[in-house]
Every structure is written in structure tokens, then in C-alpha cells.
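The structure appears right after this line, and notes come after that.
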Amino acid sequence: MGSLGAILKHPDDFYPLLKLKMAARNAEKQIPPEPHWAFCYTMLHKVSRSFALVIQQLGTDLRNAVCIFYLVLRALDTVEDDTSIATDVKVPILIAFHRHIYDRDWHFSCGTKEYKVLMDQIHHVSTAFLELGKNYQEAIEDITKRMGAGMAKFICKEVETIDDYDEYCHYVAGLVGLGLSKLFHASGKEDLASDSLSNSMGLFLQKTNIIRDYLEDINEIPKSRMFWPRQIWSKYVNKLEDLKYEENSVKAVQCLNDMITNALMHAEDCLTYMAALRDLAIFRFCAIPQIMAIGTLALCYNNIEVFRGVVKMRRGLTAKVIDRTKTMADVYGAFFDFASMLEAKVDKNDPNATKTLSRLEAIQKTCRESGLLSERKSYILKNENGYGSTMIVILVIMVSIIFAYLSANHQNN
């Protein structure tokens, strides 16, 4: 649920963490009884616990469609990610994947751990897919076809320019945004969002992941995975892998800040997309990952630890975002707070400082002009150190547990 040390340092995390733990247990209890649907939802919990929690809020038909959409694309991504598959084998599978999802007899063994299980038993996903409404099937097939073709293209092509970077991110994530917009519209709950805004929703998340996962990708065995565009990193080092070496720390952080500045260009589009949503469940489903993204960028900015290990939001703050994101006021507040946090870390001597500050000011301006900042829950930048009321509650609970344990032992004796 989160380490005791982290809870003691941030006592306000305790209640959201407890609620998150209870929600996770409830979600696991709601797994459908049919074998194929049971497999799909069980697998969803294994490959993305946070996504599995957020998806539970959607209505049954839309929830099933989004679940299958996610698993199909996760399976496609597993094929792309497996660097042990020869290119001449991988490319045809990626291109034909949209047809394979109609075939209950097809499977291809690849990936590791839970992803290998997904690929070995993908017939369950196909069976569930074939039970979806025709409009949902068509949307999923269309996006899978376009994504597979895009992935195949970049198997044989390096990410050289920023345009290449945007194109790659469009294929692997922007199309997810387009697909989700289609599913929301097919459900009758939302108007069809523009492709441009839908694309930005995907790119903001994908670029955040690519930035955060630098070390994991560059150390991939048997072959490094390189998604940072040469047009950016070549300004700082001769080879992308040079960023991880300690002697290049200054240049590495400057390159990192350049990448984050590039990602921030999508934030305003994301705010526009979310502000247009009407259904609360769909809104929360979309908003929570976007807040997590800008929060992650704020943590990564100017942070050499990106090249040393994993940088991510603490679990308690994640629990707060999931618990408290209910209105656009919450979204504007979180984006404003994280933009402010990031702004405070900008070094005026950074080569991209002016551009970074300009993009942050644009985000803050959008949030201020919404007129909703006064309604926000300011949980991001609030000073949480010290012994507040929540800490007292925790201590009371702990004392009660110890007292009950001692009492039980005394009676047994």
C-alpha cells in the first residue's frame, strides 16, 4: 500500500492509499465469470493495475470495448517490443495483426512474463473481441491496422528528426487517442473529438513514457531501443547511450530538459480535449493519466536520476490523483501546480530555458483563464511534512491494532 516511511513523511497519503487498496480488491471481485472475459480482465490487472482501476468506472459495454482495445494494442506492442524476433518475421505480423484478432486459432509466442501469457492465450481476447458491437469492432480493427503498419515502418527506420519522433508517437499512441475517441463516440456518451486533439492526448502520454524510460530502453537486451530523436540528442552527445555515463551528466540533463520542453507542447491540447468531455466516468478515465504525465515530467525535469534508475510519482500521490480527480477544476489545478513545480526547477542557464518557461506560462495562463483555479484541491504542492490530523488517525489505528493484538495474546495465556 506504500511504505510506512513514505506515509509518515506524507501522512495525507494514507486515506487515498487505503481507498485505492479497497478499490483494487473490489475490481478483482468484479471479474466476469465467462472464461474468456475472466482471462481478459485478469490480464488487464496484471499488465496495468492503475488502468484496470480507472476502466472499472465505465459502463459495461464501453468498459468491455476499452478493455479489449487495450489488450489488442498491448499484444501488438509486445510483438514490436520483443527485440529477439527477426525483422523479416516481425514486420508481417505487425502488418496483419488487425486480421489476426478475428481468428480464434491464431497465436504467436513472444514477450516475457505476463505478456507471454497474453500472447500464448490471445484466443481469449479474440473470442471477447468477436462479442463486441460491430461499431466497436470496426474502430478497434481500424486503429490496429494503422498502428501495426506504423510500427512496421519504424522497425526499419531510425527516429532521426523531431518529425520522425512525432510520427512514431502518433503510430504507437496518438492512434490510441483517436481510437478511444471513436469508442467514446460509438457509446453515444461523447461527441467525436478532432483527430488533432485526440492525437495530442496520446503524444503527451507517450513522450512522457519515452523520457522516463530512457535507461530501461537503452539497456534493452539483446538490442537497445532508441526513441529519443537524433535531432535533439545529437546537440549534446555523439551517441544516445552516452547520456547514461556520469562524465556526461551536465549534457544529459540539458538533453532531458530539451525532451521535456518538446513534450509540453501538447499540454494545452490535452486541456482542451478534457474540457469538452461530458460523461464523468470517461472524463476521469482520460484525466487521471494526463495528470500523472505532467506530474512525471515535473519530477523528471532537471533530474539526473532519469539516467541512473526509475523516476516516478510516489504511490501515495498517485492514489491522491485517482481519488480526487473529479472535475475540470481538479485538472486545471493539477496542471497549474505541476507546471509551477517544473517552473521552479528551470535553470536560467539551461539552453532551452526561454522555450521551457514560455510553454509553462502558456499552460498556467490556460488554467488561470478557466476561472476554476479557486475551486481546485491543492494537494500537489501542499506542505505535507509534519504531524497533521491524518498522522494522528494513523497513530490511533496503529495503537488500536497493537492493543488488540496484545489483548488477544493475554486472553490466550
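If I take every Cα pair under 8 Å that is 6 or more residues apart in the chain, average their sequence separation and divide by the length, what percent do I get for the relative contact order?
For the chain, the relative contact order is 17 percent.
Subtracting the Cα-Cα distance from 0.36 nm times the residue separation, let me have the gained length for D163 to N349 in nm, one decimal.
Working it through step by step, the gained length comes to 64.3 nm.
In terms of Cα to Cα distance under 18 Å, which lysines are near enough to K46, apart from those fewer than 8 places away along the same chain?
Here the lysines satisfying the reach criterion relative to K46 are K21, K29, K113, K116.
About its Cα centre, what dipole magnitude does segment 115-162 give when the only charges are +1 on Lys and Arg Cβ and -1 on Asp and Glu Cβ, stated in debye to the nearest 20?
It works out to roughly 80 debye.
Straight-line reach from K157: which lysines have a Cα under 23 Å away, not including same-chain ones fewer than 8 places off?
The reachable lysines, counting only those whose Cα sits under 23 Å from K157, are K90, K145, K207, K223, K235, K239.
Can you return the aspartates and glutamates within cross-link range of K9? Criterion is Cα-Cα under 19 Å, with same-chain partners fewer than 8 residues away left out.
Of all the aspartates and glutamates, those that pass the test against K9 - Cα under 19 Å, at least 8 places apart if same chain - are E384.
Rank R212, R284 by accessible area, highest first, at a 1.4 Å probe radius?
Greatest to least solvent exposure: R212, R284.
Which shape class applies to segment 140-208: rounded if a/c is under 1.5, otherwise prolate when a/b exceeds b/c and oblate if not, where a ≥ b ≥ c are the square roots of the Cα gyration tensor eigenvalues?
oblate
If you roll a 1.4 angstrom probe over the protein chains with everything in place, what fraction of the accessible area of segment 237-340 belongs to carbon and sulfur, to the nearest %?
51
The values are calculated or read from the model by the stated rules, or taken from the named source; none is laboratory data. Remember, it's a predicted structure, so these values are computed and weren't measured experimentally. Every residue, glycine as well, gets a Cβ built from its backbone with ideal geometry; the counts of neighbours run over all protein chains shown. Quick note on the areas: whole protein, heavy atoms, side chains included, nothing else; ligands and nucleic acids left out. Shrake-Rupley method; radii C 1.70, N 1.55, O 1.52, S 1.80 Å.
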